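A quick write-up on the structure given underneath.
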Amino acid sequence: MTIETKDELKKRVMDLLKDNVDDPNLLEQCDPDDDLSSLGINSLTFIKLVIATEMEFGVSWSDEDLDFRNFSTINQIMNYISLNQNEEQ
């Protein structure tokens, strides 16, 4: 599925995060460049988010990209999805 706008992508990423973090209410106060580790994301949550992202957006994470630092902010997640959706098409 192609993302048509940045706002749509952000909403979908936020929804995905809300389903997978300990306290979804903290996301409302989170800036797109804030470190998501403050939301209680650990290695298990990270793997769940990677799988959810692949399923939701139809992108694949290469082994080299499976590093929490590539997934540590909302903007980084959005950028990865945008770049990889373009490659998938």
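Laboratory data are not the source of any read-out in this text; all were calculated from the coordinates shown. Model, not experiment: these values are computed from the prediction. Don't worry about glycine lacking a Cβ; one is built from the backbone with ideal geometry, like all the others, and counts go over all protein chains shown.
A few remarks follow.
- Single match in GLN29, GLN85 (criterion: at negative phi, touching a residue at least 60 places away in the same chain (Cβ under 8 Å) and either small (Gly, Ala, Ser) or out of contact with any helix residue (DSSP H, G or I) (no Cβ under 6 Å at 6 or more places or on another chain) (or both)): GLN85
- If you filter segment 8-31 down to residues that are within 12 Å of the chain's Cα centre (by Cα) and outside any helix (DSSP H, G or I), you find that the one that is farthest from ARG69 (Cα to Cα) is ASP19.
- Residue count for segment 61-89 under the criterion of being of a type in the set (S, T, N, Q) and outside any loop (DSSP other than H, G, I, E, B): the result is 8.
- Matching residues in segment 32-60 - criterion: being touching a residue at least 12 places away in the same chain (Cβ under 8 Å) and in a loop (DSSP other than H, G, I, E, B): PRO32, ASP33, ASP34, ASP35, GLY40, ILE41, GLY58, VAL59, SER60
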